[in-house]
Structures are given as structure tokens and as C-alpha cells.
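> Please read through the structure below; I'll follow up with questions.
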Amino acid sequence: MVKTIQQLIRIIYHKRAIILLVGFFLALSIYAGWLAFGPQSFAVLSRNQALEKYLTDSIQTLRLENATLQKKLFEIKGLEP
């Protein structure tokens, strides 16, 4: 048992660079996956940009409608004493 543990430690010691590289790439892959599919992902960014465009267009439409209604209101007020 002690001999196999020592052999395992020796193998880990000799392969430490490979183990560190594999660990680094695993951590990098997890981070890339989190960026792509997590709460701050590219899909969320795209969805928010589409929502921003929709809301901006909606604001512009409502401003035009408000201007039209104000013009009608002033015309009605102007006709009545």
C-alpha cells in the first residue's frame, strides 16, 4: 500500500506540468461556457438589445401620438370659450 502511494506521488510529480495544463484548460473551458450560457451571456445581451430597440421605437410612436392628441386638445380648447 505504501509503495503504491509513493508510486502515485512520483507519477503526479513527474506529470505535474501536464496536470496543471489540463486544469488550466478545464478552468478556461468552464469560464467560456459560463460566458456563453450564463446569466451574462451573449444571448441575454442580444435579447436586451432587441428589447431596447423595441422600446425606443415604442417611445417614438407614443411621442408622435401624444403630439397629435395635444394638437387636437388645443384645437378643442381654442374653439370653446
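The values are calculated or read from the model by the stated rules, or taken from the named source; none is laboratory data. Source: prediction; values computed, not measured. FYI the Cβ positions are ideal-geometry reconstructions off the backbone, even for glycines, and counts take in every protein chain you see.
> Picking from Q40, Q70, which residue would you name as being of a type outside the set (D, E) and part of a helix (DSSP H, G or I)?
Exactly one residue qualifies, and that residue is Q70.
> So which of Q60, Q7 ends up being at pLDDT below 90, in a helix (DSSP H, G or I), surrounded by 10 or more Cβ atoms within 10 Å (Cβ to Cβ) and out of contact with any helix residue (DSSP H, G or I) (no Cβ under 9 Å at 6 or more places or on another chain)?
Matching residue, one of Q60, Q7: Q7.
> Right, another one. Being loosely packed, with under 10 Cβ neighbours inside 10 Å, within 41 Å of the chain's Cα centre (by Cα), in a helix (DSSP H, G or I) and not polar (S, T, N, Q) narrows it down to one of Y54, Y13, so name that one.
Y13
> Just one of the numbered conditions (1) in contact with a Ser or Thr (Cβ under 7 Å, 6 or more places away or on another chain); (2) outside any helix (DSSP H, G or I) is not true of L35; which one?
For L35, the failing item is (2).
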